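Could you have a look at this structure, given as structure tokens, before my questions?
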Amino acid sequence: MKKNRKRLPEWLRHKNLFNQKMIETRKVLKEFELHSVCQSARCPNIGECFANKTAAFMILGDVCTRNCRFCAVKTGYPGPIDDEEPVRLARAVGKLGLRHVVITSVTRDDLPDGGAEQFIRTIENIHKLDSKIIIEILTPDFKMNRDAIKEVVAAGPNIYNHNVETVPRLYSRVRPEANYQRSLSVLKYVKELNDSIYTKSGIMVGLGEKEDEVVQVMKDLRSIDCDIFTIGQYLQPTRDHLPVVKYIEPEKFDRYKDIGRELGFKYVASGPYVRSSYHAKDFSDEFMAK
């Protein structure tokens, strides 16, 4: 028998932003046959982001080859690559009038380049639409395929995000097919290739980590010159996923934000509902205004 999920504390009970703009954004995604991680991963911010006409586009299908135990994205055997997806995505960006675009993907360990070529073609098509659009990518680790990462960086994203997701001690339980040091290596290599690209990473809390472990992750990221750090509350998407060990109080998120700033991150987003792309445009508005 599956255990009941923990009751949400008061500070996590306010998300309810369904309005006409959200419906319009859904229509655009459907019109251009696109996936968003907002929908596939059951993000709690979907109403707010869609209402503001922002979305984290998810390329390379909606089926992931890995089975991270925190993630609601479907896992299994993905279909073939959609060659027209990058073109349709750029058209959707234009129709929505986006100035900061977030592009992520499922992990495609079935592909020799991990799907890098699709990221490249998507970036190129958005650049053709408008070279001033800020492009933020959130990639898988590409199994640390240096050629693949190098080609993606050469395509010219403004922000390169790769999440470490949790503290090293919890990797075997939370994301058993990933490797903490490999994830750090991805971000380090991006900076080595082009230090003008902002690098970004983030974690979830509430999975059983300790404060000193979270702080060490921040230190590890700063040691490789990571610029942006995000930290939010893990929320169990279904009863088949990992249970929440603890709901972290807002005051603790404030503390993590202060620590992150002291360590030298250019920008820290820390709060119960923070996710990788949540309010991503705030950073570019402050640091990358064109």
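Which three extents, in whole angstrom, do the alpha-carbon atoms of the stretch 223-290 cover along their principal axes, largest first?
That works out to 44, 25, 24 Å along the principal axes.
If you plug each phi of the stretch 83-89 into the Karplus form 6.51 cos²θ - 1.76 cosθ + 1.60 with θ = phi - 60°, what whole-Hz ³J(HN,Hα) values come out, in order, with x for Gly and Pro?
Along the stretch 83-89, the couplings run 5, 8, 4, x, 5, 5, 4 Hz.
Something else about it: How many percent of DSSP beta bridges within the chain run antiparallel, rounded to 5?
Numbers: 2 of 30 bridges.
Just about 5 percent of them are antiparallel.
Further question: At 222 nm, what helix-only mean residue ellipticity would the chain give, in deg cm²/dmol to the nearest 500, using -39500 (n - 2.57) for each DSSP H run of four or more?
Working: 11 runs with 110 residues, N = 290.
The helix contribution divided over the chain gives -11000 deg cm²/dmol.
Can I ask one more? Under a Cβ-Cβ cut-off of 14 Å, what is the net charge of the residues other than residue 169 that fall near it, where Lys and Arg count +1 and Asp and Glu count -1?
On the way: positive: 173, 175, 210; negative: 165, 209, 211, 212, 213, 220.
Here the count lands on -3.
I'd like the carbon and sulfur percentage of the solvent accessible area for the chain, probe radius 1.4 Å, heavy atoms only, ligands and nucleic acids excluded. Show your work: numbers first, answer last.
On the way: 6540 of 13680 Å².
The nonpolar share, carbon plus sulfur, comes to 48 percent.
Name the residues whose placed amide hydrogens come within less than 5 Å of the amide hydrogen of residue 35, ignoring near sequence neighbours (fewer than 5 apart) on the same chain.
Residues meeting the amide H criterion: 58.
If you don't mind, another one. Computed from these coordinates, which is semi-axes √(5λ) of the Cα gyration tensor in Å: (1) 33, 21, 17; (2) 26, 22, 20; (3) 41, 22, 17?
Given (1) 33, 21, 17; (2) 26, 22, 20; (3) 41, 22, 17, the calculated one carries the label (2).
Then there is this: Filter 219/246; 74/95; 132/219; 128/281; 210/266 down to the pairs with a C-alpha to C-alpha distance above 26 Å, please.
Numbers: 219/246 23 Å; 74/95 28 Å; 132/219 32 Å; 128/281 20 Å; 210/266 24 Å.
Those over the limit are 74/95; 132/219.
The values are calculated or read from the model by the stated rules, or taken from the named source; none is laboratory data. Owing to the predicted nature of the structure, the values given are computational and were not obtained by experimental measurement. Note that each Cβ is placed from the backbone with ideal geometry, even for glycine, and that neighbours are counted across all protein chains shown. Accessible surface is based on the protein model in full, side chains and every heavy atom, while ligands, DNA and RNA are left aside. Shrake-Rupley method; radii C 1.70, N 1.55, O 1.52, S 1.80 Å.
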